[in-house]
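The structure appears right after this line, and notes come after that.
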Amino acid sequence: MIDSHCHLTAPEFSADIADVIARAKTAGVQTLVTISDEMSDLPKCRALSATHDDIFFTVGVHPHHAKDFDITRDIQLLREASTHPKCRGIGEIGLDYHYMNSPQDTQQRVFEAQLALAKELNLPAVVHCREAVEDVWTIVNHVKPEKLVIHCCTEKWDDVKRFVDAGYLLSFTGIVTYPKAADIRETVKQCPIMSMMVETDAPFLAPVPHRGKRCEPAHVMDTAKVVAEIKGVSLTELDAVTTATAVKFFGL
Ligand SMILES: [Zn+2]
Ligand SMILES: [Zn+2]
């Protein structure tokens, strides 16, 4: 099993990261892809990836921090950072109109610039989309990157089907285990098993039965169990298919 999206450089893990990684391995989660949120994550990701063969990372700036992004300076810094042998993607990038921590037009410009960089470098784009699916689609359809995942997919199938039809992936978090998430379980049901990955988004969104606690990569198994149930396959089969998809997507 692979946790295709976690934030191991988050302060929530600073005290016990070695134990967190060890628990993931014990649970059968061999490979971890740690995702950057802001420029200051880059050196932390490089340092962490050096400690374990099975930790890879992405570089990019979250829409929350778009207001701090200097396109001329930071695109070049991301381009340089992406040459590291453990860097496997650009992310997370995207649009978040729920929190709106950065102005909408700034988010759009910063997303489009980073998405174009992913295309230029032929790296997968890890996309965050919250209450912004129409604008995310417009920008994706304009840039047309080679590889892309809508991470922590919380959208209705009718809204994200076009991404799958275009050859992109959807990735599901612990939210699929929450009682009120019937719409998201319906999206899981409709999405072809070949077009999905599973992730934790740790330290956030712990699946049931860990809900409310700090999430960690070992918990991806609880999400995978629920996704397997919805798809009507065994956990072993879901693991095999989603692991192969993540290996191909990130070039692991
Ligand atoms: Zn996100
Ligand atoms: Zn994330």
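Per-residue answers, yes or no, for (1) assigned to a loop (DSSP other than H, G, I, E, B); (2) more than 15 Å from ligand 1 (Cβ to nearest atom); (3) within 26 Å of T9 (Cβ to Cβ); (4) modelled with pLDDT under 95:
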| site | (1), (2), (3), (4) |
| --- | --- |
| D135 | no, yes, no, no |
| V140 | no, yes, no, no |
| D158 | no, yes, no, no |
| R162 | no, yes, no, no |
| G167 | yes, yes, no, no |
| V188 | no, yes, no, no |
| M194 | no, yes, no, no |
| M197 | no, no, yes, no |
| T200 | yes, no, yes, no |
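Return the residues of segment 207-220 that are surrounded by 20 or more Cβ atoms within 10 Å (Cβ to Cβ), more than 20 Å from E186 (Cα to Cα) and either touching a Gly at 6+ places or on another chain (Cβ under 9 Å) or at pLDDT below 95 (or both); say none if nothing qualifies.
Of segment 207-220, the ones surrounded by 20 or more Cβ atoms within 10 Å (Cβ to Cβ) are 207, 215-220.
If we keep only those that are more than 20 Å from E186 (Cα to Cα) as well, we get 215-219.
C215, A218, H219 - these are the residues of segment 207-220 that are surrounded by 20 or more Cβ atoms within 10 Å (Cβ to Cβ), more than 20 Å from E186 (Cα to Cα) and either touching a Gly at 6+ places or on another chain (Cβ under 9 Å) or at pLDDT below 95 (or both).
Working only within segment 28-74, note down all residues that are farther than 27 Å from S102 by Cα, among the small types (G, A, S) and loosely packed, with under 14 Cβ neighbours inside 10 Å.
Kept after step one, since they are farther than 27 Å from S102 by Cα, are these residues of segment 28-74: 28-32, 47-56.
Adding the requirement that they be among the small types (G, A, S) leaves 28, 47, 49-50.
If the condition is that a residue be farther than 27 Å from S102 by Cα, among the small types (G, A, S) and loosely packed, with under 14 Cβ neighbours inside 10 Å, then G28, A47, A50 are the ones that fit.
Quick one: is R79 within 20 Å of V127 (Cα to Cα), away from ligand 1 (no atom under 16 Å from the Cβ) and touching a strand residue (DSSP E or B) at 6+ places or on another chain (Cβ under 7 Å)? First the steps, then the outcome.
On the way: within 20 Å of V127 (Cα to Cα): yes; away from ligand 1 (no atom under 16 Å from the Cβ): yes; touching a strand residue (DSSP E or B) at 6+ places or on another chain (Cβ under 7 Å): no.
The answer is no for R79.
Checking the condition over 17 Å from V198 (Cα atoms), within 16 Å of ligand 2 (Cβ to nearest atom) and of a type in the set (A, V, I, L, M, F, W, C), which residue from V176, V127, V143, V136 passes? Show your work before the answer.
On the way: V176 fails: over 17 Å from V198 (Cα atoms); V127 fails: over 17 Å from V198 (Cα atoms); V143 fails: within 16 Å of ligand 2 (Cβ to nearest atom).
Answer to the selection: V136.
The values are calculated or read from the model by the stated rules, or taken from the named source; none is laboratory data. None of the values given here were measured: they were computed from a predicted structure. Reconstructed Cβ throughout: ideal geometry from the backbone, glycine too, with neighbour counts over all protein chains shown.
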